[in-house]
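Participant: This is the structure I want to talk about, given as C-alpha cells.
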Amino acid sequence: MRSPSTNVAHVTDHGSGPRRGIPNKYKLFLMAFPFLVTTFIFYYLPISGWIYAFYDYTPGIPLSDTEFVGFKWFKSIVANQTQMEEVLRVLKNTVAMSALGIITSVFPVAFAILLSEIKTSWFRRFVQTLTTIPNFISWILVYALAFTLFSVDNGVVNTLLIKLGIIEEGINFLATNSNIWLTMIAWYWWKSLGWGAILYLAAITGIDQELYEAAEVDGANRFRKIWHITVPGIIPTFFVLLILSIGNFINNGVDQYFAFQNAMNKDSIEVLDLYVYNIAFANNFPFATAVSMLKSVVSVFLLFMANSLSKLVRGETII
Amino acid sequence: MRLKRTLILMLSLAIVVVMAACSKGNNSSSPSASSSSAPPASSASTEPAESASASPEATGLDHSETLKLTVFSTTANYAGPQIGWFAKAIKDKFNIELDIVASNLTGGDTKIAAMMASGNLGDIVIWGDDKNHYPNAIKGGLLLDLAKDGLLDTYGKDIVATYPKAIEKAKVAFGSGSSVFGIGNNVASNPTGPSEGKDMTWGPDLRWDLYQQVGSPEINSAADYLPVLKQMQALEPKNAQGKKTYAFSLWSDWDGNYKMTLAKQFANMYGYDEIVDTALYTKADEEKYYDFLSEESWYMKSLKLYFDANQMGLLDPDSLTQKFDDVVAKYKDGRLLFSWFPWMGAANYNTAENIEAGKGFATVPFKEEVMYSTGFNVYGGNGIISIGADAKDPKRIMEFINWFYTPEGGMISAGGGTAVPNGPKGLTWDVGADGKPVITDFGIKAYADQQNTQIPEEFGGGDYYYGANQMNFSFVVPAEVNPEFGEPYDHNLWQTTLKRNPNKLESSWREKYGVLTPKEYFVKNNKIAVAPQGFTGKEPLVMDKTLEQKNKLIGTVIQQYSWKMVYAKNEDQYNKIKQEMLDKVKGLGYDEVIAFSIKKAEELYEARKSVQ
C-alpha cells in the first residue's frame, strides 16, 4: 500500500516541479479520508456503547436517569459456585467448537485443490456451484431440512433405515447429546465448504503456470505438483485466514447453535454467544455488554498472540 | 511531519462532525425522553388546525385528510398495511389507514428494545403485558398522557363512561395518580362470572369418536387419561395416510418465562395458574399457592405424566425437536388424540369433512377437574393499548380507539388472537326480525374457513382472515353484553348460534353432558374456579435487575431439565435428573425467587379483594 503511493508522489514531484493546487500527498490523503471516517464511525464510535455495561440500563430510559453500578455485571458472571460451573461449561463448548473449526479449516484447502484438479470445466463449475449454494441458506432453514431428514417419526433417514430392516425403532438424531460437537462441525462444513474454498481457488489461479510446466519437464507427477507447487502457493492465504480465525476464537455466532439447540444437547451446544443470547439478550443489555467487552479484549489478545506466534514460526506477520 | 499534523486535524474534524451528527440525533428524542415526570407536550401542538371541517362527526373532528397510523403491536402476527374488510370499515368511517409493525415477526423482544431505544414507538402502541417494557416506556416519556388537555374526556367519552375502572387503574398503577398512559385489554363492565366464550381456555379435548368407541370410560383424574388414550391408540394406530398416531405431541418453541409451556395445562384444569415470571402457582379463587418444583405441584406431576406417556408409547418422539406448526399439521392429519385446548384440536381437526364422517375433537372433562377461569375484569387485563408520545393526530387517534368501546366498534372486531371476529354487519351477520343478531350463511362459511373465504369487493375484498383487525388487541371482552342487543359481542354466544341445528358430534356430546356448551357444563356442575380480576391500587411489585437475571437463568435450567425428565429412559434416571435440577436451581438462587414470588402472591390476593 505505502510504497506505490510514495512512488507516485515522487514521480510527479520530479516531473513538473511545484504545482498549483493541493500537493499530491494531501490529495491521496483526501482520497483515503472517507474511508477513515467510515472506519471511525462503524468501528470505533460503537465502542462508546461499552458505557452501558456500567449502568442498570433499560431501553427507553435515558442513561442519565439510570443508576451507575460499576462492575456489578462483570462480577455477576462469576457470582457463585453454580454460576461459575455454568460459565466454565459454556467456555468449554466454545473452545471445543472453535478448536474443531480451526483443526478442520484445512477442509476447504483440500477441497479447493481437488476442485482445481478437475479438468472437465462444466463439472468443476457444477460441483462448485452446488457446494456454494448452502452458504446462502439461513440456519433456520437448514434446521428445517435437518428435521425432515432426521426426525424420528417421519424423517427420511429413519424411514429408510427401518424399511431396510437395519433398525427397528427410530433413532432420535436431533435430540441427543452424543457427538453433538462433531455433528455441528459437519453441518457447518456442509454449509460453508464451497464458500470457504473460493479464496483458495483464487490463490491457486494466482500461482505461476510456468512452475507447473517446469515441474512437468522435471518429471513430477500430479501429486508431486500439488505437494510442491500448489500447497506452498496457497499456504500464505491459509495462514492469514488461520490467524484471523484465531482472533475470532470465542465468537462462534448464535444462529447455528440457536437453531439446533434443544434440552438434550444444550449442555454441549451452548457456546458463549448463545449463552448470552439465552439469558441476557432480550432483557439485560448491561450484562450482554459486559460479556461482549470481555470478548473483545480476549479476541484482541488472541489475535496478537497468534500474530507473534506466526512471526516466530514463519517469520511473517499480518499486522 | 506536515502530513501527520493534517491527519490529526482531519481526524479531529471527523470526530467533531460525527459527534455533532450523533448528538443531533439524541436531541430530537431527548426532550420527550428526559421529561419523565412531566408528560411530553410537543405532540399536542403539532396537529393541523381544527378550523377546516369538511365532515364533522359527533366529536367535531375533521376527517377529510387521510390519517396514516403506524401501529406498533407486540402481539400482532401480521406486519404491513391493514387490508381487507376491516381496513375498508375504518377508512370509510374515520379515513384512517393502519400500518402494522409486528415485533413478533421481526426479532421479538429485541425489536421492542430497539424501538424503545430509538425513542419513537409509532402512533398506536400495543403491549402484550404491562410488565417491563410498558412501565419503562412511561418512564422514558415515550407514551402520550391521555388525560392531558382533556383528550380522553373529549374524544374518549365512551371509554370513560362505560369502563371508568380501567381508567382508574391506569392512573393509580402507572400514571402516578393523574396520568393515563394506556388502557387494559378485555375490559368488562360487570365484575362477576367467568369471562370466557362458549369454550373454556382448556379442555381437555379427546377424539370424541374414538372415545365413544372405547365405551366412554369414566375419567377421574388427569392420570386416568393415559389408559383410555392407550385404548384409543390401539383402535386407530395409524391415520388415513398410514402414519403413526400419538396421544400427545408437544412443542418447545413456546417455552420461556420459567417453564416448559406444555407442563402447566393440568394445573389450570385443577384451578391453579402460575403467577407470570415467578415460581408459584396460585388457586383461582382461594388464597392457596404451591411452589413450582414441589411434590404437589402440577407442573412436576405433568412432567411425570408425560414421562409415563412416553413409556407407554403415547408421546410423539419428535416433541422436543419439532415446532408449533408441525404439531398443528399433525392435528390436521388426524395423528393426535388429545388436545389441551379447544382452539387446538377441534379448531384444526373438526373440518366439515371430518364432522360429516362423525369424527372430531370434543371436551371430555375429568371428575376432579376444576376449570381455571378468568373473571370479568372491570380494570382491564394486562395487555395495554397506548398512544405514542410523538403521535401525529392524538385527537383523531383517541376518537378512533374510543370507537372500539362502542357497540358498533365492538361488534365488528371483538376478540383477538384465536377468537374469530364477527366481521361487517350485513355480510357475515345481521339483525334478525326479533332484533337479535344472527349469523348469515356467508358468515358460517367465513368463520369456519377464514383463509379461503373471499370477501366481496364492496366490503373491501381479500379473504376473511387477513381482512380482520390485525392489531391483535381485544378491547372489550368478547363475552361482554352488547347493550344494543342484550346479547354478548361474541357470535358464538348468541342464542341464534347456540340453537342452530347441531351436527352429529355436537348432539351426541350435548346428549352425554346434558348441556349446550363446555362452559355451561363447568358452570352448571360447579367445576369452575373464577379468578377475580382486581387491582391493589398500588404500583405493581417488580424484580430488581439482579434477581431478574437469576430468575431468567433458573428458568432456562428448569426448561431444559423438564424435557430431559420427560424423555428419561427409566424411573431411576427420571429421579436422578430431577434431583440434579433441584440442586442446580438452588445453587442459582431459587430461594430468593421464591421469596419474591410469595410477595407477588400476596399482592395478587390483595388485588382480588378489591372486587369482592
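Each value in this text was obtained by applying a stated rule to the coordinates, not by laboratory testing. Just so you know, these numbers come straight off a predicted model, no measurement behind them. Virtual Cβ from ideal backbone geometry, glycine too; neighbours counted across all protein chains shown.
Participant: How well do other chains shield peptide B:551-558, expressed as the mean number of their Cβ atoms within 10 Å of each residue Cβ?
Facilitator: Working: counts 0, 7, 8, 2, 2, 7, 3, 0.
Averaged over the peptide's residues, the number is 4.
Participant: Peptide B:585-591: average number of partner chain Cβ atoms within 10 Å per residue?
Facilitator: Counting Cβ atoms of other protein chains within 10 Å of each residue's Cβ and averaging gives 3.
Participant: Cut-off under 20 Å on the C-alpha distance; same-chain residues fewer than 8 positions from B:Lys564 excluded. Which lysines are left, in chain and number order?
Facilitator: B:Lys564 reaches A:Lys266, B:Lys259, B:Lys264, B:Lys301, B:Lys304, B:Lys323, B:Lys552, B:Lys576, B:Lys578, B:Lys584, B:Lys586.
Participant: Another question about this same structure. Could you give the Stokes-Einstein D for chain B in µm² per second, using the C-alpha Kirkwood radius, 10 °C, 1.306 mPa s? Intermediate results must be reported in sequence, preceding the final value.
Facilitator: Numbers: Rh = 26.5 Å.
In µm²/s, the coefficient rounds to 60.
Participant: Using a Debye calculation, one point per C-alpha and no hydration shell, please list log10 I(q)/I(0) for region A:47-115 at q = 0.21, 0.24, 0.28 Å⁻¹ in order.
Facilitator: So the normalised log intensities work out to -0.92, -1.00, -1.09.
Participant: Taking R0 as 35 Å, what's the FRET efficiency between A:Trp181 and A:Trp227 from their Cβ-Cβ distance, rounded to 0.05?
Facilitator: Plugging the Cβ-Cβ distance into 1/(1 + (r/R0)^6) gives 0.70.
Participant: When a footprinting reagent is the concern and you count Cβ atoms within 10 Å, what order do B:Asp318, B:Asp308 take, fewest first? Write out the running numbers ahead of the final one.
Facilitator: On the way: B:Asp318 25, B:Asp308 16.
Going from least to most buried by this count: B:Asp308, B:Asp318.
Participant: Other chains near B:317-329: what is the mean number of their Cβ atoms within 10 Å of each residue's Cβ? The partial results should precede the final answer.
Facilitator: Values: counts 9, 11, 4, 8, 16, 6, 3, 0, 0, 5, 0, 0, 0.
Rounded to a whole number, the mean comes out at 5.
Participant: Hey, got a sec? Which trypsin sites (Lys or Arg not before Pro) in region B:345-398 land in a DSSP loop and have at most 14 other Cβ atoms within 10 Å? Write out the running numbers ahead of the final one.
Facilitator: Values: sites: B:Lys359, B:Lys367, B:Lys392, B:Lys395, B:Arg396; in loops: B:Lys359, B:Lys367, B:Lys392.
Listed in order of number, the matching sites are B:Lys367.
Participant: Which of rounded, prolate, oblate describes region B:325-443, given a ≥ b ≥ c as roots of the alpha-carbon gyration tensor eigenvalues and a/c under 1.5 marking rounded, otherwise prolate only if a/b is larger than b/c? Kindly include the intermediate steps, with their values, before the conclusion.
Facilitator: On the way: a/c = 2.08, a/b = 1.57, b/c = 1.33.
In terms of gyration-tensor shape, prolate.
Participant: Report the GluC sites (Glu not before Pro) located in region A:53-90 that are in a DSSP loop and have at most 12 other Cβ atoms inside 10 Å of their Cβ, or state none. Could the numbers behind the result be given before it?
Facilitator: Numbers: sites: A:Glu67, A:Glu85, A:Glu86; in loops: A:Glu67.
When the GluC sites (Glu not before Pro) of region A:53-90 are filtered for loop state and at most 12 Cβ neighbours within 10 Å, A:Glu67 remain.
Participant: Here's something else I'd like to know. Of all DSSP beta bridges in chain B, what percent run antiparallel (nearest 5)?
Facilitator: Values: 29 of 49 bridges.
Here the share of antiparallel DSSP bridges comes out near 60 percent.
Participant: As a quick test, which of the pairs B:Lys332/B:Lys512; A:Lys295/B:Lys111; B:Lys283/B:Lys504 have an alpha carbon distance above 30 angstrom in this structure?
Facilitator: Numbers: B:Lys332/B:Lys512 26 Å; A:Lys295/B:Lys111 24 Å; B:Lys283/B:Lys504 37 Å.
Where the Cα-Cα span goes over 30 Å, the pairs concerned are B:Lys283/B:Lys504.
Participant: Counting only helical runs of four or more DSSP H residues, what would the 222 nm mean residue ellipticity of chain A come to if each run contributes -39,500 (n - 2.57) and the total is spread over all its residues? Let's see the in-between values first.
Facilitator: Values: 16 runs with 204 residues, N = 319.
After summing the helix terms and dividing by the residues of chain A, the value is -20000 deg cm²/dmol.
Participant: Leaving out same-chain residues fewer than 8 places away, which aspartates and glutamates sit with a Cα under 16 Å from that of B:Lys131?
Facilitator: Qualifying aspartates and glutamates at Cα under 16 Å: B:Asp109, B:Glu274, B:Asp277, B:Glu539, B:Asp544, B:Glu548, B:Glu603.
Participant: Rounded to two decimals, what is the ratio between the C-alpha radius of gyration of the protein assembly as shown and 2.2 N^0.38 Å?
Facilitator: Details: Rg = 32.4 Å, N = 931, 2.2 N^0.38 = 29.6 Å.
Against the compact-globule rule of thumb, the ratio is 1.10.
Participant: Is the shape of region B:451-506 rounded, prolate or oblate, going by the alpha carbon gyration tensor and its root eigenvalues a ≥ b ≥ c, with a/c under 1.5 for rounded and a/b larger than b/c for prolate?
Facilitator: Numbers: a/c = 2.03, a/b = 1.24, b/c = 1.63.
Oblate, because a/c is 1.5 or more while a/b does not exceed b/c.
Participant: While we're looking at this one, here's another question. If exposed GluC sites (Glu not before Pro) are those in a DSSP loop with at most 15 other Cβ within 10 Å, what is the longest stretch of chain B that has none? If you can, show how the numbers build up before the last one.
Facilitator: Numbers: sites that count: B:Glu50, B:Glu57, B:Glu65, B:Glu218, B:Glu286, B:Glu287, B:Glu295, B:Glu296, B:Glu368, B:Glu484.
In chain B, the maximal stretch lacking such sites is B:66-217.
Participant: Related question: So what is the 222 nm mean residue ellipticity for chain B from helices alone, if each DSSP H run of at least 4 adds -39500 (n - 2.57) and you divide by all residues, rounding to the nearest 500 deg cm²/dmol?
Facilitator: On the way: 25 runs with 248 residues, N = 612.
When only DSSP H runs of four or more count, the value is -12000 deg cm²/dmol.
Participant: Listing B:Val328, B:Val364 from the residue with the fewest other Cβ atoms within 10 Å to the one with the most, what is the order?
Facilitator: Numbers: B:Val328 15, B:Val364 24.
Lowest to highest Cβ neighbour count: B:Val328, B:Val364.
Participant: Please report B:Ile439, B:Ile355 as a ranked list, fewest other C-beta atoms within 10 angstrom at the top and most at the bottom. Write out the running numbers ahead of the final one.
Facilitator: Details: B:Ile439 21, B:Ile355 16.
Final ranking by Cβ density, sparse to dense: B:Ile355, B:Ile439.
Participant: Okay, moving on. Please list, by residue number, every one of the trypsin sites (Lys or Arg not before Pro) in region A:19-71 that is coil in DSSP and has at most 11 other beta-carbon atoms within 10 Å.
Facilitator: On the way: sites: A:Arg19, A:Arg20, A:Lys25, A:Lys27; in loops: A:Arg19, A:Arg20.
Qualifying residues, ordered by number: A:Arg19, A:Arg20.
Participant: What value in Å³ per residue do you get for the convex hull of the alpha-carbon atoms in region A:169-215? Before the final figure, lay out each step's value.
Facilitator: Details: hull volume 5.9 nm³, N = 47.
Expressed per residue, the convex hull around the Cα atoms of region A:169-215 is 126 Å³.
Participant: Let me ask something else. If you plug each phi of region A:136-141 into the Karplus form 6.51 cos²θ - 1.76 cosθ + 1.60 with θ = phi - 60°, what whole-Hz ³J(HN,Hα) values come out, in order, with x for Gly and Pro?
Facilitator: Taking θ as phi minus 60°, the curve returns 9, 8, 6, 5, 5, 6 Hz for region A:136-141.
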